[in-house]
1. Just to be sure I understand, how many residues within region 57-79 are open to solvent by 40 Å² or more (accessible area, probe 1.4 Å) and farther than 16 Å from residue 32 by Cα?
2. Can you give me the number of residues within region 244-274 that are open to solvent by 60 Å² or more (accessible area, probe 1.4 Å) and within 21 Å of residue 75 (Cα to Cα)?
3. If I ask for residues that are over 17 Å from residue 235 (Cα atoms) and small (Gly, Ala, Ser), which ones from region 156-178 would you list?
4. If I ask for residues that are among the small types (Gly, Ala, Ser) and either modelled with pLDDT of 95 or more or not in a loop (DSSP other than H, G, I, E, B) (or both), which ones from region 254-298 would you list?
5. Just give me the residues in region 112-149 being more than 29 Å from residue 342 (Cα to Cα) and open to solvent by 60 Å² or more (accessible area, probe 1.4 Å), in sequence order.
6. So the check is Cβ under 6 Å with 6+ separation or different chains; which pairs have a first residue in region 289-308 that's closer than 15 Å to residue 74 by Cα and a second one that's outside any helix (DSSP H, G or I) and of a type in the set (Ser, Thr, Tyr)?
7. Looking only at region 167-182, decide whether some residue is touching a helix residue (DSSP H, G or I) at 6+ places or on another chain (Cβ under 8 Å), of a type in the set (D, E, K, R), surrounded by fewer than 16 Cβ atoms within 10 Å (Cβ to Cβ) and touching a residue at least 12 places away in the same chain (Cβ under 8 Å).
8. Which of the residues belonging to region 338-383 are in a helix (DSSP H, G or I), open to solvent by 90 Å² or more (accessible area, probe 1.4 Å) and more than 18 Å from residue 103 (Cα to Cα)?
Amino acid sequence: MKTTHPTPSTTNHLKESLSTKPHYEILDGLRGIAAFMVLAYHVLEAYYVTTPTGMFDQVLNHAYLAVDFFFVLSGFVIGYAYDDRWGKMTLGEFLKRRIFRLHPMVIFGTLLGVVMFYFGASETFPLIGDTPLWKVLLYALLGILMIPTRPSVDIRGWNEMYTLDAPTWTLAFEYIANGLYALFIRKFSKTALTLLVIAAAGATLHLTLTQGDVIGGWTIDTHHLHVGFTRLMYPFFAGLLLYRLGKVVRLPHAFALCSLLLVVVLSVPRIGGPEALWQNGVYEAIVILAVFPLIVAVGAGGTVKSKFASKMCKLLGDLSYPVYLVNYPLCYVHTAWASDNQYTLAEGGWMPVFVFTAILLISYVAMRYYDIPIRKWLRRFQR
């Protein structure tokens, strides 16, 4: 791919534009709300993973769709942040910016997974007790380098490609989407991008109607890779198309309306039972194909009126990524405790609240004293 190398004046202009380009404050806030919903879902998941009907009974049943919402947000923000900078920025500079933005917390989450790994030794995770430390450290290195592992060499028992911090799988797909955008799709016309999004929408519809949901993507096998790429392609590039079309919706109280709608659609109970999977599939298709882009369009078109709301949106946005990558190492331990003792949610007492609060505190510390300072330090290498 042909790239141009910016002159010093171009580099200065790029640095200035990057530092002054405003954020969509409401989208930052919505990212935080979605991350909190994922956190609550993972904490509550501990009481349902070993029950035969867990996927149908779980509280906040559709909160896993926050992953698909994140991809819509990401596609929109990538277009906003970078579409007008090609020619002033090389491919290498783009990739460096994305790595510097995303990877510090990948490292933090993976190392936290090492610290918490042996605390999860249990019947639920039967492989932990037989796993030597050297192998855990090897998996930490692989996780930091974003090298996925196959189920045949699993060390926990859940066949995750990033077994020390499972949500890292979505970051792997995020990197793939960023690479596709930088190499090819940034050059697409609106028509070509629209055709891609329509094809991806067809794949999403097929998956939801045949499987009944979009659950999956975290294992290296044919099924999960199919699910993962399907979950990636429509949301990410629909978000990019939404930005390029400029179709934002301007409504009063946009943050409150979007937040309420997002929480509601992620909290809806499972629709239909095992014999009618298509019913839930129809719901998830509507949410992914229409509701999520609508929420982003309204959020992008809205404004925050008060300083307090602005600060809250910023805090939620800053916390969202640490919360997402910090939560699962602790949730593994919580899940082992709850499932091995066969506790129901009611029998769990204050433990879910304690785990939720502990994850928030660790996430805040990681954001304040690790993620933000590290990324600030890394900016000096972005030229």
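1. 2
2. 4
3. Of everything in region 156-178, those that are over 17 Å from residue 235 (Cα atoms) and small (Gly, Ala, Ser) turn out to be 157, 166.
4. Within region 254-298, 254, 256, 259, 267, 276, 281, 285, 290, 297 meet the criteria.
5. Selection gives 134, 135, 137, 138, 141, 145, 147.
6. 300/24
7. The answer is no, given that none of the residues of region 167-182 is touching a helix residue (DSSP H, G or I) at 6+ places or on another chain (Cβ under 8 Å), of a type in the set (D, E, K, R), surrounded by fewer than 16 Cβ atoms within 10 Å (Cβ to Cβ) and touching a residue at least 12 places away in the same chain (Cβ under 8 Å).
8. The answer is 346, 347, 354, 361.
The values are calculated or read from the model by the stated rules, or taken from the named source; none is laboratory data. It should be emphasised that the depicted structure is a prediction, and the values quoted were computed from it without experimental measurement. Here Cβ is always computed from backbone atoms with ideal geometry, including for glycine, and neighbour counts include all displayed protein chains. Note: areas computed on protein heavy atoms with side chains; ligands, DNA, RNA excluded. Shrake-Rupley method; radii C 1.70, N 1.55, O 1.52, S 1.80 Å.
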